[in-house]
Amino acid sequence: RAKSSFSEHICYYEAGMDESARHRRQLANDLRQAIARDEFEVLYQPQRSLRTNEVSGYEALLRWHHPRLGTISPSEFIPIAEETGEIIRIGEWVLRAACAEVVTWPGKDKIAVNLSPVQLLQADLPEVVTAILHEVGMSPQRLELEITETAIIADKTRALHSLRRIKALGVSVAMDDFGTGYSSLDTLHSFPFDKIKIDKSFLLESRESDQARAIIRAVLALGHSLGIPVLAEGVETHEQLQLLLGEGCDEAQGYYFGRPGPPPPGVGRALAVNA
Ligand code: C2E
Ligand code: MG
Ligand code: MG
Ligand code: MG
């Protein structure tokens, strides 16, 4: 009796849950099997130097091919994986998969991998990174880790300690999504970032918004006065590229140069030439 009223209670609760909470719980469950079922894919998006006009590296972007729901965006499942702690295993998987793939490409392009704040606050992160680089035989100079400020806000002392140990390996560190959230000058002052990535929202609004253009200009001035190169995210049009060139932006990334795609970038052409 007690048992049945308990399950009735559960059913009642579930029926009353809104659709999105149920959906999130489903994804949280399914995420635990996603690595074992080989449902993840890493896509690569080129980053372009605006100085030399050459590809300077690639950002690894994760996709989840859910067997029933189709491809799910990382903006949807990463926060869920962070909540459940699954991001630790997923993050390590992405890092290993991206590094293992990149070492097989011709050329020595850099690979940028996003790091969750949860990963950054793991005490053994530097050991995990070292082990993966060793395992795949990749030089640390080819790896860049992208972090957002959320990681540093959560526990500044621990985050900075972790970042210093990562840099000591020879791996570089980029500040992602700069200008959103809690961006503070203090963060840039406290840690020698190798790159600042201006959040794509500013470029996407740059056409209509004087403020957005002013912020892009200000971030470029800030980066340059600190000696840190600045990359603009979200370049979709020639007009946006012209704006960045006019303002002296160092690097850019966006659909204009290439969407995130399967590997190996550019190898198709090289093979065709060799054939
Ligand atoms: P992010 O690191 O800021 O990555 C840039 C996002 O902008 C990517 O979205 C990319 O596809 C998108 N993008 C690139 N160019 C353009 C453009 O010209 N216009 C527009 N509108 N968007 C553009 P994506 O792949 O959906 O990833 C979203 C976010 O999910 C990433 O933002 C990152 O925060 C997170 N993420 C992706 N992969 C991973 C991962 O392996 N680990 C972790 N922790 N987070 C990841
Ligand atoms: Mg990123
Ligand atoms: Mg970003
Ligand atoms: Mg983002």
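The values are calculated or read from the model by the stated rules, or taken from the named source; none is laboratory data. All values reported here derive from a predicted model rather than from experimental measurement. Virtual Cβ from ideal backbone geometry, glycine too; neighbours counted across all protein chains shown. Accessible surface areas use protein heavy atoms only, side chains included; no ligands, DNA or RNA. Shrake-Rupley method; radii C 1.70, N 1.55, O 1.52, S 1.80 Å.
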Convert each backbone phi in the stretch 114-124 into a coupling constant with the Karplus relation 6.51 cos²θ - 1.76 cosθ + 1.60 (shift: θ = phi - 60°), then list the ³J(HN,Hα) values in order as whole Hz, x for Gly and Pro. 6, 10, 6, x, 4, 5, 4, 8, 6, 4, 8
Working out 0.36 nm times the residue gap between Arg259 and Thr84, then minus their Cα-Cα distance, what length gain in nm do you get to one decimal? 60.0 nm
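Can you give me the relative contact order of the stretch 39-127 as a percent, contacts being Cα pairs under 8 Å and 6 or more apart? Show your work: numbers first, answer last.
Details: 102 pairs, mean separation 25.0, N = 89.
Relative contact order here is 28 percent.
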Report the local net charge at Ile228: Lys and Arg +1, Asp and Glu -1, summed over other residues whose C-beta lies under 10 Å from its C-beta. -1
Low-density loop cleavage sites - GluC sites (Glu not before Pro) in the stretch 167-250, where at most 10 other Cβ are within 10 Å (DSSP): Glu208
Ordering Thr130, Thr187 from largest to smallest accessible area (1.4 angstrom probe), what's the sequence? Thr130, Thr187
How far apart, in nanometres, would the label points at Glu239 and Ala168 be if each is projected 7 angstrom from Cα along the Cα-to-Cβ direction? 5.0
Put a dot 7 Å past each Cα toward the Cβ at His224 and His66; how far apart are the dots in nm? 4.5
One finds, for Asp18 and Ser209 with R0 = 45 angstrom and r their Cβ-Cβ distance, a FRET efficiency to the nearest 0.05 of 0.85
Output the relative contact order of the chain, whole-number percent, from Cα pairs under 8 angstrom with separation of 6+ residues. 18
With +1 assigned to the C-beta of every Lys and Arg and -1 to the C-beta of every Asp and Glu, and no other charges, what is the dipole magnitude of the stretch 104-156 about the Cα centre in debye, to the nearest 20? 200
The stretch 36-109, dipole about Cα centre (Lys/Arg Cβ +1, Asp/Glu Cβ -1), debye to the nearest 20: 220
Compute the accessible area per residue over the chain, keeping the other protein chains in place, probe 1.4 Å, unit Å². 52
Charge sum, other residues only, whose C-beta stays under 11 Å from Phe193's C-beta, Lys/Arg counted +1 and Asp/Glu -1: -2
With each pseudo-label sitting 7 Å past Cα toward Cβ, what's the Arg32-Val103 distance in nm, one decimal? 3.3
If each residue of separation counts as 0.36 nm, what is the full-extension length gain between His134 and Ser73 once their alpha-carbon separation is subtracted? 18.9 nm
Heavy-atom accessible area ranking, 1.4 Å probe, most first, across Leu43, Leu245, Leu222: Leu245, Leu222, Leu43
Over 20 Å between C-alpha atoms is what I'm after, so list which of Lys156/Lys200; Lys167/Lys195; Lys110/Lys197; Lys110/Lys156 land there. Lys156/Lys200; Lys110/Lys156
Accessible-area ranking of Ser190, Ser73, largest first, probe 1.4 Å: Ser73, Ser190
Distant-in-sequence amide H partners of Gly261 (H built 1.01 Å from N, under 5 Å): Tyr44, Gln45
Carbon/sulfur accessible area of the chain, % of total, 1.4 Å probe, equals 54
Only Lys, Arg (+1) and Asp, Glu (-1) charged, at Cβ; the chain dipole about Cα centre in debye: 480
Residues whose built amide H sits under 5 Å from the amide H of Leu145, excluding neighbours closer than 5 in sequence, are Val113, Ser172, Val173, Ala174
Among the chymotrypsin sites (Phe, Trp or Tyr not before Pro) within the stretch 112-203, which fall in a DSSP loop and have no more than 12 other Cβ atoms within 10 Å of their own Cβ? Tyr182
